[in-house]
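Note sheet for the following structure.
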Amino acid sequence: MGHVTPTDVNNPDYFHKVVDCQWACPAHTPVPAYIRHIANGEYSEAYLLNRASNVFPGVLGRVCDRPCEPACRRTRVEEKAVAICRLKRVAADHKDDIKKHLPKKPDKTNGKRIALIGAGPASFTVANDLAPLGYECTIFEKLPKPGGLMRSNIPAFRLPEEVLMEEINYILDMGVDLKLNTPVESMSSFLEEGYDAVFVGTGAPKGKNLDLPGRWDAKEGIHIGIDWLESVAFEHTDKIGREVLIIGVGNTAMDCCRTSLRLGAKSVKVMARKPRAFFKASEWELEDAEEENVDILVNHSPKAFITENGKLVGMSFDLMEYDIENGRITDQRVTGEKIIPCTDVILAIGQENAFPWIEKDTGIEFDKWDVPIVDAVTFKSTKSGVFFGGDSAFGPKNIIWAVEHGHQAAISIHNHCQGIPLTKRKPDEVELKSTKMGMFEWRYSNSYDGSERRKMEHIDLVDRFKKLDTEVELGFSPEQIATEVQRCLNCDVHTVFDAPKCTECDACIDICPVECLTITENAESEEALRTALPSSEAPDGQALYVSTDLPLTGRVMIKDENICLHCGLCAERCPTAAWDMSEGIVHIPHAQDQDFAEAAE
Amino acid sequence: MTSFVKPRIARKNAPVNALGLQRQDYDGSMSTLCAGCGHDSVTAAMATAFYELAIEPYKAVKVSGIGCSSKTTAYFLKEAHGANTVHGRMPSFATGAMAANAALTYIGVSGDGDSLSIGIGQMLHAMRRNANMVYVLENNGVYGLTKGQFSASADIGSTAKKGAVNEQPPLDPCIMALAAGATFVARSFSGDRKQLVPLIKAGLKHKGFAIIDVISPCVSFNDHKGSTKSYAHTYKYYHKAVHADYVPPSAEIMTNYEAGEVMPVELHDGGRILLKKLDPDYDPKSQAAAFSKIMASKDAKQILTGLLYLDETKEDMATQNNLSDRPLNQIPYSELNPGPEALKELQAGWK
Ligand SMILES: Cc1cc2nc3c(=O)[nH]c(=O)nc-3n(C[C@H](O)[C@H](O)[C@H](O)COP(=O)(O)OP(=O)(O)OC[C@H]3O[C@@H](n4cnc5c(N)ncnc54)[C@H](O)[C@@H]3O)c2cc1C
Ligand SMILES: Cc1ncc(C[n+]2csc(CCOP(=O)(O)OP(=O)(O)O)c2C)c(N)n1
Ligand code: SF4
Ligand code: SF4
Ligand code: SF4
Ligand SMILES: [Mg+2]
């Protein structure tokens, strides 16, 4: 009979995966560690810890796509995740002046010149990682202000300009040169300028059009969502008609509808082709739009634009009906048609990459969809020394992915400039530190707090629309902060088991409030071992911790990482301290951690 | 103790029993015993047995005497009835309660001190009466609560923590139970919940006196080298003779056992206890065989465990004495006390 081999807790991924939020975060932000700082009132420390991973805590604390929250362990204990994103904002809002803790512009450069095209989060992250190491970084941006879509598309009522500028300035202060109003119009000639490396962070700037009958008859009133948001952001557009239809129901659509209301629209309808379960927009963006009385109409498929004398007067839609099985559409049919009058239509149906300025003969190859061929680990293109990252690499994603691409591209650029193979990258490491301070005393608050998720307060509706840039979310109050931090289960404080100490008294098994431990005979597979637990459900990716053989009986201790609350009761109960609660610090190397001497051999 | 009380978690998809209750609904207040005490594991096994049998907690009675073991009735089934009685007096309290209300499920928890010294007479008479209860004797070889004096179950040669050697012969609750007429005699170990939980379930369903002698190490005063009731010693000499599983009345017997290895014993409620013989030559239905086997195991330095003896034929106390199966508190006063005329009539019958 085969035996399951004991878990290797020194594998950096093992405990990292247990920290659901951190594992789900593209930049692997150490969420529970920063939440503990907030709980201690150490806002600056919380901010800096965030910044080391995600570079833009103030921005992301407001508008991050937050893939961490659906992953949060708390959702397996109760309905709602820890308000991870909102707590990030708390750190940014309440920190002291942290400038002195940031890397300074180095006294002298290393002579390597790096060009970064596009001033979005991807390029800024590359600059953030490389400038302190002595690289001369120059960012080229076609628009008059930096930030990429964070500036041009994400409305100021969600992300105030000062918040964005503060975090951009931290990077510019490291000696990064920013050239605004400087579009790169020919890659061929740009490559002749002799940069040691070029990073393309130009985003996915092309909004999709909808070529239906009547589209070109209207002289005005039909807008491409991302272009329209940009012209609002740069104050070229300051009003819109009375009745606005938004086509599409993704996050861009949500920003378009809410912006329309602030520019004077009296009625705004978001037109969705499918039922709500198929919406692309995040649930919280939908809620925020609906709070502002935006109508969302489902099962309307756009058919034609209706114009009178070159003026847009409405749109016709096919009314749809769908057969849905197990969350998938199996069949659909048109049950009728409907005309909805309007003064304006905003198309928010997606964006694409577009590189009209990269000539075909530069050595940078594109695939059949005109997307550049980019390596998913190193972010190199097919041309040596040219790297892509952010939305320009693999199509539109979000800010936190752009940041992570930037970190990885920076490692590659550093290796490229130092003559180290791009694939030679420092691996992640995990460091375990006991949190024990004494009998039943730990460096973290281990008791379980059953409080429900705190609700973010919003500014009153009447005040909200007075100005375009009035921030809607008010931030958490001190009481809300105090409660929300305690909801975090500290998933990075791990249960670490030392089998030789165990006397098999079962005390930990009995105390565990979620029954995730047991001692059993080893078995041929993990599934077979799991049957020894009262609840053997194993959601994707959640591991079973298997100990080495126990000294008295040769059986093994197993633990389901899925539902452990990290409450530490097992460790408190153990008479021999075979269980310990150890903080696992995952070290994720960035460019500065690539130890050159060692990596070069 | 721990720094905070085991929290109640509104866990999604938490397993439930036939009553829709979760395992945590069978918990009691937080244990105050020493961390690692075997008694806590026995508590968990008892709670699990009630949970798995889907017995309403308020239809159970927990009774105990004095000792660390006896304290544990507070740590499971918080909605159940019960009392901590005087030292060694739990059996008579339980017998009386049972006479007044036979419709409840009775579980007694005691220690080797509580049962084998001060309470020995009480225990033997409850066995002799075949009172319908499970009697869990948490056996650690010492008086834990009073800081580790040898109890009457300490083996000859076993040493106390500070080195004193016990010279007196031990009392074996299983041997005494066989002699006194108990109809369900079992031994188990706090560290073997796979054996212990089914045994408690079978004991709860057995109609009559079920004793389970559970080796339950005292981590503070009797878990050292030289002790014969330590975790290490028990794991080392542990021997399983007969495994017992309870099968409810309607359920099919899933026989994935070798033929002849398994003996089903029909219970009064229509359910069955499946006896699985791990020692092929063992006969758990023979009192004489049980005696000799237990005696022989001592020479072989084995701790013989499992359901060592089962007799489903002997009537329990309530049946023998023709007691009402209606709880006294549900019988109208006029019926309970029919008046002087009825008394006269009764007395006339004895003249
Ligand atoms: C309406 C809308 C709302 C969004 N909301 C969110 C949100 O709430 N949360 C979230 O995480 N993400 C959101 N996103 C997505 C997010 O903004 C992008 O994924 C992210 O900004 C991509 O970063 P980037 O660095 O790759 O490129 P971008 O941010 O797109 O920046 C690219 C920059 O390059 C410049 N540029 C392009 N071509 C050239 C050239 N040839 N020469 C010089 N400069 C050039 C552009 O002007 C731009 O400034 C949203 C996107 C849209 C459209
Ligand atoms: C009448 C009386 N005599 C003596 C005592 C002191 N006493 C308390 S507990 C105990 C023995 C308990 O031993 P055991 O039943 O084995 O319980 P354990 O603590 O070992 O689980 C004694 C003698 C008492 N409480 N009452
Ligand atoms: S409970 Fe805390 S540490 Fe665990 S996944 Fe949620 S936010 Fe992260
Ligand atoms: S920390 Fe220990 S006691 Fe708490 S839930 Fe996890 S395994 Fe159970
Ligand atoms: S003294 Fe012994 S019997 Fe009492 S609680 Fe502590 S370990 Fe258990
Ligand atoms: Mg005792």
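The values are calculated or read from the model by the stated rules, or taken from the named source; none is laboratory data. Just so we're clear, the structure is a prediction, and the values are computed from it rather than from any experiment. Because the Cβ atoms are built from the backbone with ideal geometry, glycine has one as well, and the counts that use them run over all protein chains shown. For the accessible areas, the whole protein counts, side chains as well, though only heavy atoms, and no ligand, DNA or RNA atoms are used. Shrake-Rupley method; radii C 1.70, N 1.55, O 1.52, S 1.80 Å.
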Quiz prompt | DSSP-defined antiparallel bridges as percent of all bridges, segment B:23-330, nearest 5 | solution = 40
Quiz item: Over all directions, what mean area does the Cα convex hull of chain A project, stated in square nanometres?
Solution: 31.4
Quiz item: At a Förster distance of 30 Å, what's the computed FRET efficiency of A:E166 paired with A:K383, Cβ-Cβ distance as r, to 0.05?
Solution: 0.25
Quiz item: Sorted by packing (mean other beta-carbon atoms within 10 Å per residue), highest first, where do A:225-238, B:51-64 land?
Solution: B:51-64, A:225-238
Quiz prompt | Whole-angstrom gap from segment A:473-516 to segment B:72-123, using each part's C-alpha centre | solution = 37
Quiz item: What length, rounded to one decimal in nm, is gained on full extension from A:E235 through to A:K99, with 0.36 nm per residue of separation minus their alpha-carbon distance?
Solution: 45.8 nm
Exercise. For every helix of n ≥ 4 consecutive DSSP H residues, a contribution of -39,500 (n - 2.57) applies; sum these over chain B, divide by its total residues, and give [θ] at 222 nm rounded to the nearest 500 deg cm²/dmol.
Key: -8000 deg cm²/dmol
Quiz prompt | Peptides A:573-579, A:483-489 ordered by average Cβ neighbours within 10 Å, highest first | solution = A:483-489, A:573-579
Quiz item: In nm, to one decimal, how far is the modelled label at A:E291 from the one at A:E527, with both set 7 Å along Cα→Cβ?
Solution: 4.6
Exercise. Whole number in Å², please: accessible area per residue of the protein assembly as shown, 1.4 Å probe, ligands, DNA and RNA not counted.
Key: 43
Quiz item: So which residues in segment A:491-537 end up with at least 30 square angstrom less accessible surface once the other protein chains are there, compared with the chain by itself, probe 1.4 angstrom?
Solution: A:T503, A:C505, A:D506, A:D510, A:I511, A:P513, A:V514, A:E515, A:E537
Self-check item: Count of lysine pairs in segment A:208-350 with Cα separation under 21 Å (8 or more residues apart, or interchain)
Solution: 23
Quiz prompt | Pairs from A:K88/A:K145; A:K559/B:K277; A:K99/A:K455; B:K71/B:K161; A:K104/A:K142 whose Cα-Cα separation, in the structure shown, is over 29 Å | solution = A:K559/B:K277; A:K99/A:K455
Quiz item: Where the centre of each part is set by its Cα atoms, how far does segment A:369-415 sit from segment A:518-597, in angstrom?
Solution: 35
Exercise. With the full set of protein chains in place, find how many percent of the accessible area of chain A is carbon and sulfur; take the probe as 1.4 Å.
Key: 49
Quiz item: Relative contact order for segment B:23-330 using alpha-carbon pairs under 8 Å, separation at least 6, rounded to a whole percent?
Solution: 18
Quiz prompt | Cα lying deepest toward the dipole's positive end in chain A, options A:N309, A:M254, A:T5, charges on Cβ | solution = A:N309
Quiz item: Using a simple charge model, +1 on the beta-carbon of Lys and Arg, -1 on the beta-carbon of Asp and Glu, nothing else, what dipole does segment B:80-235 show about its Cα centre, in debye to the nearest 20?
Solution: 320
Quiz prompt | Residues of type aspartates and glutamates that A:K179 reaches as a straight line, Cα spacing below 14 Å, ignoring anything fewer than 8 places off in the same chain | solution = A:E136, A:E141
Practice problem: Can you tell me the relative contact order of segment A:208-350? Whole percent, Cα pairs under 8 Å, sequence separation 6 or more. | Solution: 33
Quiz item: What's the center-to-center distance, using Cα atoms, between segment A:223-287 and segment A:57-81 in Å?
Solution: 24
Quiz item: Comparing B:L323, B:L307, B:L77, which has the greatest mean-square fluctuation in the GNM of chain B with Cα pairs linked when under 10 Å apart?
Solution: B:L323
Quiz item: Chains A and B: what accessible area do they bury, summed, in square angstrom to the nearest 100, with a 1.4 Å probe?
Solution: 2800
Exercise. Go ahead and estimate [θ] at 222 nm for chain A from helices alone: -39,500 (n - 2.57) per DSSP H run with n ≥ 4, summed, over the residue count, rounded to 500.
Key: -7500 deg cm²/dmol
Quiz item: Relative contact order for chain A: what is it in percent, counting Cα pairs under 8 Å that are at least 6 residues apart?
Solution: 18
Quiz item: Of A:H405, A:T470, A:Y444, whose Cα points farthest to the positive end of the dipole of segment A:375-489 (charges on the beta-carbon: +1 Lys, Arg; -1 Asp, Glu; origin at the Cα centre)?
Solution: A:H405
Practice problem: Could you check what % of the DSSP bridge pairs in the protein assembly as shown are antiparallel, to the nearest 5? | Solution: 50
Quiz item: Roughly how big is segment A:1-117's charge dipole about its Cα centre, with Cβ charges of +1 (Lys, Arg) and -1 (Asp, Glu), in debye to the nearest 20?
Solution: 560
Quiz item: Of B:N322, B:N140, B:N101, which has the largest mean-square fluctuation in a 10 Å C-alpha GNM of chain B?
Solution: B:N322
Quiz item: Where the only charges are on Cβ atoms (+1 Lys, Arg; -1 Asp, Glu), what is the dipole of the protein assembly as shown about its Cα centre, to the nearest 20 debye?
Solution: 2020
Self-check item: Sparse-neighbourhood loop sites, GluC sites (Glu not before Pro) in segment A:319-393 - DSSP loop, at most 10 other Cβ within 10 angstrom
Solution: none
